[in-house]
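Chemist: Right, I'll just put the structure down here and ask away after.
The values are calculated or read from the model by the stated rules, or taken from the named source; none is laboratory data. Values in this document were obtained by computation on a predicted structure and should not be read as measured data. Because the Cβ atoms are built from the backbone with ideal geometry, glycine has one as well, and the counts that use them run over all protein chains shown. For accessibility, only protein heavy atoms count, side chains too; no ligands or nucleic acids. Shrake-Rupley method; radii C 1.70, N 1.55, O 1.52, S 1.80 Å.
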Amino acid sequence: MITLLDYGAGNVRSVINAIESLGETVHPVRGPEDIRRAERLVFPGVGAFGSMMATLAERGFVAPLREYLAADRPFLGICLGLQALFEGSEEAPGVPGLGVLPGRVARFRTHLAVPHIGWNGLNGRQPSPLFHGLRGDEKVYFVHSYHVVPADPQVILSTTDYGAPFVSAVQRGRLVATQFHPEKSGAVGLALLKNFLDPRLPPAPPPPAAETPTRLAKRIVACLDVRANDAGDLVVTKGDRYDVRE
């Protein structure tokens with residue numbers, strides 16, 4: 001049984017579908033006691049830091065979350081579920097986070113476009129059960145404008161590069177949290193979720209990095225409105241005109 005903390009900020013169906021595809025049953029959190037009774041807790045956060053923390057407080061989830069994490073029980077945070085673990089965020093000055101991990105959340109300061117959107121790689125920094133079966137050339141899906149800055153470098157599980165290196169996953173004991181979305185990362189994401197859900201897996205060494213620095217995957221925009229004209233040339237019938245052969 002997997003307990004899923006959905007605080008109502010967005011659609012978590014993709015997370016539920018991914019976990020259920022691995023043969024697990026998902027139980028959504030209805031109240032604070034569901035967190036306290038959880039065997040394995042998944043927290044997929046979306047939205048804004050300030051509204052997330054306000055909702056967690058209104059529903060009485062903050063104290064049981066801190067108790068659960070202090071007891072070193074299995075936990076997977078995703079995206080904002082990672083950022084919530086820290087003391088605060090530049091996105092919501094003055095709003096305290098869970099404070100389970102020392103550090104803060106900062107906005108990207110880069111010449112590149114923000115948010116960071118797309119498939120990027122991982123550089124592992126410490127052994128983890130999450131790394132079982134990984135080769136090192138995998139790419140996972142990101143969509144975020146903020147990233148965590150841990151005060152303790154020992155909790156850094158992986159880094160990724162976007163203008164400069166940033167922390168893309170953390171681990172402390174049985175707590176693991178990712179800035180990327182495993183539920184949206186295809187077969188690689190499912191493998192990572194499966195590794196988290198298997199309590200028998202020992203830590204595996206980080207896979208050798210295929211790229212240093214990591215790079216966003218090249219993206220292809222598929223145009224469905226293509227036809228042959230009277231001369232037999234391929235042309236785009238909607239949108240900007242360009243040489244589709246290129």
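Chemist: What are the residues in segment 130-144 that are touching a Phe, Trp or Tyr at 6+ places or on another chain (Cβ under 7 Å) and open to solvent by 40 Å² or more (accessible area, probe 1.4 Å), if any?
Modeler: Lys139, Tyr141
Chemist: From the list Val46, Val114, pick out the single residue that is modelled with pLDDT under 95 and under 20 Å from the mean Cα position of the chain (by Cα).
Modeler: From the options Val46, Val114, the qualifying one is Val46.
Chemist: In addition: List every residue pair whose Cβ atoms sit under 8 Å apart, with the two residues 6 or more apart in sequence or on different chains, where the first one lies in segment 68-84 and is under 19 Å from Gly103 (Cβ atoms) and the second, anywhere, is of a type in the set (Phe, Trp, Tyr) and open to solvent by 10 Å² or more (accessible area, probe 1.4 Å).
Modeler: Leu76/Phe196; Gln83/Tyr146
Chemist: Would you be able to tell me the number of residues in segment 167-203 that are of a type in the set (D, E, K, R), assigned to a strand (DSSP E or B) and under 23 Å from Ser145 (Cβ atoms)?
Modeler: 0
Chemist: A further question follows. Could you grab me the full set of residues in segment 168-177 that are within 17 Å of Val140 (Cα to Cα) and out of contact with any Ser or Thr (no Cβ under 6 Å at 6 or more places or on another chain)?
Modeler: Val170, Val176, Ala177
Chemist: If you don't mind, there's one more thing I want to ask. Of the numbered conditions (1) in contact (Cβ under 8 Å) with a residue 60 or more places away in the chain; (2) more than 17 Å from the chain's Cα centre (by Cα), Leu98 fails exactly one; give the number of that condition.
Modeler: So the condition that Leu98 fails would be (1).
Chemist: Identify the residue in segment 75-90 that is in a strand (DSSP E or B) and small (Gly, Ala, Ser) and, among all such residues, is surrounded by the most Cβ atoms within 10 Å (Cβ to Cβ).
Modeler: Filtering segment 75-90 for residues that are in a strand (DSSP E or B) and small (Gly, Ala, Ser), the one surrounded by the most Cβ atoms within 10 Å (Cβ to Cβ) comes out as Gly77.
Chemist: Tell me which residues, restricted to segment 91-108, are assigned to a loop (DSSP other than H, G, I, E, B), farther than 14 Å from Leu56 by Cβ and either among the β-branched types (Val, Ile, Thr) or open to solvent by 10 Å² or more (accessible area, probe 1.4 Å) (or both).
Modeler: Glu91, Pro93, Gly94, Pro102, Phe108
Chemist: Another question about this same structure. Restricting the search to segment 110-124, which residues are in a loop (DSSP other than H, G, I, E, B) and without any contact (Cβ under 8 Å) to a residue 40 or more places away in the chain?
Modeler: Ala113, Val114, Pro115
Chemist: Test Asp233 against the stated conditions and say whether it is at pLDDT below 95 and open to solvent by less than 80 Å² (accessible area, probe 1.4 Å).
Modeler: Against the criterion (at pLDDT below 95 and open to solvent by less than 80 Å² (accessible area, probe 1.4 Å)), Asp233 qualifies.
Chemist: Hey, any hits in segment 146-164 for a residue that's open to solvent by 10 Å² or more (accessible area, probe 1.4 Å), closer than 16 Å to Glu211 by Cβ, part of a loop (DSSP other than H, G, I, E, B) and of a type outside the set (A, V, I, L, M)?
Modeler: Among the residues of segment 146-164, at least one is open to solvent by 10 Å² or more (accessible area, probe 1.4 Å), closer than 16 Å to Glu211 by Cβ, part of a loop (DSSP other than H, G, I, E, B) and of a type outside the set (A, V, I, L, M), which makes the answer yes.
Chemist: Does segment 1-27 hold any residues that are exposed (fewer than 12 other Cβ atoms within 10 Å of the Cβ) and touching a strand residue (DSSP E or B) at 6+ places or on another chain (Cβ under 8 Å), and which are they?
Modeler: Correct list: Met1, Thr25.
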